[in-house]
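Below is one structure, written out as structure tokens; the observations come after it.
The values are calculated or read from the model by the stated rules, or taken from the named source; none is laboratory data. Because the structure is a prediction, the values reported are computed rather than measured. All Cβ positions, glycine included, derive from the backbone under ideal geometry; neighbour counts span all protein chains shown.
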Protein chains: 2
Amino acid sequence: MTIRDVAKLAKASPSSVSNALTGKRPVSDTTRRRVQAAVKKLGYNPNMLARSLVNRRSNTIGVVTFGLEYFGPSRTLAGIERQADEFGYSLLLHLLHTSNDTNVIAALNGLTARRVDGVIWAVPEIGENHSWITGELLRRLPPIVFLSMAPRPNLTVVAIDNRAGAAMAVRHLVEQGRTKIGLISGPLEWWEARERKAGWREGLKSAGLAASERLTVEGDWSPESGEVALRRLLERRPDVDGLFVANDQMALGALRVAREVHRRVPEDLAIAGFDNIPESAYFPPSLTTVSHPLMDLGRIAVRKLLTSIEGRQDRSSIPEVLRPALIIRESA
Amino acid sequence: MTIRDVAKLAKASPSSVSNALTGKRPVSDTTRRRVQAAVKKLGYNPNMLARSLVNRRSNTIGVVTFGLEYFGPSRTLAGIERQADEFGYSLLLHLLHTSNDTNVIAALNGLTARRVDGVIWAVPEIGENHSWITGELLRRLPPIVFLSMAPRPNLTVVAIDNRAGAAMAVRHLVEQGRTKIGLISGPLEWWEARERKAGWREGLKSAGLAASERLTVEGDWSPESGEVALRRLLERRPDVDGLFVANDQMALGALRVAREVHRRVPEDLAIAGFDNIPESAYFPPSLTTVSHPLMDLGRIAVRKLLTSIEGRQDRSSIPEVLRPALIIRESA
DNA sequence: TTGTAGGCGTTATCAA
DNA sequence: TTGATAACGCCTACAA
């Protein structure tokens, strides 16, 4: 089923059919109608591969992401897909499991081989896993937008303001009269974990409180680790009266410990989380947390990318740093 | 950067380069080496669009899914991606938001236009949203595997055994001495919700207990709806001593109500959920629930599809119904 | 084992 | 406004 079949049935030339279908050049009304009829009758579906080959545009965006089974990445991907779909772009999806260089190169080669028009790099920055950015690999890539990593000169990065979010949570704890505010951080290899920790520090400093390292414990984002972390913290600093936990899952673990050791939340220990996962409103007690616009993150990434691809001018009007919001509930 | 550039540099013909790269025809060692050197030097990346055009194979699988922001679909997608990647296939992702026919047709046309070699339909069966399957649209599609829908003759369907899982949970409640076991179901428009309800009924019947409709309330999968549902159920049947909730999120809402009305869990009211979301092990009390292999579901779907695409013979060895497992914790 | 010619399905160019 | 022709980048036949 090719354009020639349609042309034959519509008694027109392939180019006229093409023009009738794409609207790139004018076509008489009569031929257009005959073409449309033929298309319908044959159930003709243009071959995008061939079209892309000659147009040198695939109308496809490559997305590389990580940890899709978790809340953040999957929501972001949903945002990316919707926005891309609205602009008529398809998504080529690649998941990274481990992020060593070999896999990175393979992933990007797979996408460029399929001639994606742009790439969205939605892999969290962990350790040195973004070092390839400085290499010459980047030069052979189409336009690319990075998500959730430290800003770098000459690169388009869209990110949540983790630091501001964490600071908001901590300031709220301070306003509740807490003065010894601990931190359960994410793994500090993660840029986002470091940012949230910096926000905790910032929040304390702005209130004139000391940000002692002895008030911090590092977790791995899992509820288990939140549990372990709070236990350790309570041993070291039994006097903590406030706690900022870098994600809601760890906060859930922490809540369990608080219950076990009979610290009332929020009376004895006020707790704030980060992420606003759907469950957090139903924790006992419901969790005060930082909500961030993950879908918007995805949508904005796509818009940024398309301004690059299609060479539009309105880049400046799209924000690159998204502010989270504090959701106040029972736990603080 | 085309195959001709490589050929020129390697002092060979384009076809020799092609053969050296694909290994489809023998090539002398010396030319292979020269080709490899040239490829490396030029950073040549074969154009898959062109290759697909002539091969009539894109090595791409189209995935249509729904509700990606939720636990189940995103895990399944992760399984699909990994298995596809291991077999050298890329993924073209399309999300359905509403599932009316127009969108379905557009989604499938988009995939076939890009000449995907097969399709995985991972959209839950809700109301009449699968009616297109009986139409002639299906005939114009490449091999397709359906996930999580009612079995249909002549179609490949891979699904979790929701019914067996629910029955396991209910039988466990019975073993704990519960005789008045309620149900908070998902929206009964969903096939999976109906299956879980049927499993509840089955579990009761096999224990010689009556499955009264007055013991059931319909929710919408959300924690809120679980809350509302249990309240309503307790009004109607204050004597319930056991409860099967069709997903963990609603179970979380139910736990909150139980706490509020001072029903101890599990002593006064034993509760079992379904899904085994990561948080459920940390609910207070930790939730007894049904765990199902969502990643495997995705992997198996891909394997099924590839046997279809590549015409292999071992179809029979791959299961089409996956059995869940009961995870026993504090709540029951 | 190597090279040449032709075609995969589409669009751009150019002449009519 | 239309149609023939030549690409897009690759692979398969076929000939050498």
Which residue is nearest to A:Trp221 (Cα to Cα), if the candidates are limited to region A:53-80 and must be more than 9 Å from chain B (Cβ to nearest Cβ), within 13 Å of DNA strand D (Cβ to nearest atom) and not in a loop (DSSP other than H, G, I, E, B)? A:Asn55
Single residue of A:Val257, A:Val240, A:Val245 found to be without any contact (Cβ under 8 Å) to a residue 60 or more places away in the chain and not charged (D, E, K, R): A:Val257
If you scan region A:85-98, which residues turn out to be more than 8 Å from chain B (Cβ to nearest Cβ) and more than 20 Å from A:Ala113 (Cα to Cα)? A:Glu86, A:Phe87, A:Gly88, A:Thr98
Here the qualifying pairs (Cβ atoms under 9 Å; residues six or more apart or on different chains; first in region A:5-17 and assigned to a loop (DSSP other than H, G, I, E, B); second more than 8 Å from DNA strand C (Cβ to nearest atom) and hydroxyl-bearing (Ser, Thr, Tyr)) come out as A:Lys11/A:Thr31; A:Ala12/A:Thr31
Which numbered condition in (1) without any contact (Cβ under 8 Å) to a residue 60 or more places away in the chain; (2) in a helix (DSSP H, G or I) is the only one that A:Ala169 fails? (1)
Among the numbered criteria (1) in contact (Cβ under 8 Å) with a residue 12 or more places away in the chain; (2) in a loop (DSSP other than H, G, I, E, B), which one does B:Glu267 miss? (1)
Checking B:Ser15 against (1) surrounded by 19 or more Cβ atoms within 10 Å (Cβ to Cβ); (2) near DNA strand D (Cβ under 7 Å from one of its atoms), only one condition comes out false. Which one? (1)
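Each row is one residue, and each column tells you yes or no for (1) touching a strand residue (DSSP E or B) at 6+ places or on another chain (Cβ under 7 Å); (2) on the phi > 0 side of the Ramachandran plot; (3) within 11 Å of another protein chain (Cβ to nearest Cβ); (4) surrounded by fewer than 24 Cβ atoms within 10 Å (Cβ to Cβ).
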site: B:Ala251; (1), (2), (3), (4): yes, no, yes, no
site: B:Val261; (1), (2), (3), (4): no, no, no, yes
site: B:Val265; (1), (2), (3), (4): yes, no, no, yes
site: B:Asp275; (1), (2), (3), (4): yes, yes, no, no
site: B:Ser291; (1), (2), (3), (4): yes, no, no, yes
site: B:Arg312; (1), (2), (3), (4): no, no, no, yes
Report the residue count in region A:22-52 for those that are away from DNA strand D (no atom under 12 Å from the Cβ), in contact (Cβ under 8 Å) with a residue 12 or more places away in the chain and in a helix (DSSP H, G or I). 6
What number of residues in region B:157-166 are touching a helix residue (DSSP H, G or I) at 6+ places or on another chain (Cβ under 6 Å) and part of a strand (DSSP E or B)? 1
Single residue of A:Ile133, A:Ile120 found to be modelled with pLDDT of 95 or more, farther than 26 Å from A:Val17 by Cβ and more than 16 Å from DNA strand D (Cβ to nearest atom): A:Ile120
Can you name every residue in region A:37-52 that is within 9 Å of chain B (Cβ to nearest Cβ) and either of a type outside the set (Lys, Arg) or touching a Pro at 6+ places or on another chain (Cβ under 9 Å) (or both)? A:Gly43, A:Asn45, A:Pro46, A:Asn47, A:Met48, A:Leu49, A:Ala50, A:Ser52
Within region B:148-156, identify whether any single residue is part of a strand (DSSP E or B) and either surrounded by fewer than 23 Cβ atoms within 10 Å (Cβ to Cβ) or touching a residue at least 12 places away in the same chain (Cβ under 8 Å) (or both), and answer yes or no. yes
If we scan region B:221-234, do we find a residue that is outside any helix (DSSP H, G or I) and either at pLDDT 95 or above or within 14 Å of chain A (Cβ to nearest Cβ) (or both)? yes
Matching residues in region B:218-241 - criterion: being more than 19 Å from B:Asn276 (Cβ to Cβ) and buried (at least 24 other Cβ atoms within 10 Å of the Cβ): B:Ala229, B:Leu230
Step by step: first the residues of region A:103-130, then only those that are among the polar types (S, T, N, Q) and closer than 20 Å to A:Leu68 by Cα, then the one that is surrounded by the most Cβ atoms within 10 Å (Cβ to Cβ). Which residue is that? A:Asn129
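How about region B:181-201: which of its residues are surrounded by 18 or more Cβ atoms within 10 Å (Cβ to Cβ) and not in a strand (DSSP E or B)? Quick ask: steps written out before the conclusion?
The first filter runs over region B:181-201 and keeps only residues surrounded by 18 or more Cβ atoms within 10 Å (Cβ to Cβ), leaving B:181-186, B:190-197, B:199-201.
If the condition is that a residue be surrounded by 18 or more Cβ atoms within 10 Å (Cβ to Cβ) and not in a strand (DSSP E or B), then B:Gly186, B:Trp191, B:Glu192, B:Ala193, B:Arg194, B:Glu195, B:Arg196, B:Lys197, B:Gly199, B:Trp200, B:Arg201 are the ones that fit.
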Tell me, please, whether a residue that is within 27 Å of A:Pro142 (Cα to Cα) and more than 9 Å from DNA strand C (Cβ to nearest atom) can be found in region A:25-39. no
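Conditions (1) away from DNA strand C (no atom under 16 Å from the Cβ); (2) within 31 Å of the chain's Cα centre (by Cα); (3) at pLDDT 95 or above; (4) over 17 Å from A:Met295 (Cα atoms), marked per residue:
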| residue | (1), (2), (3), (4) |
| --- | --- |
| A:Ile3 | no, no, yes, yes |
| A:Arg56 | no, yes, yes, yes |
| A:Gly62 | yes, yes, yes, yes |
| A:Val104 | yes, yes, no, yes |
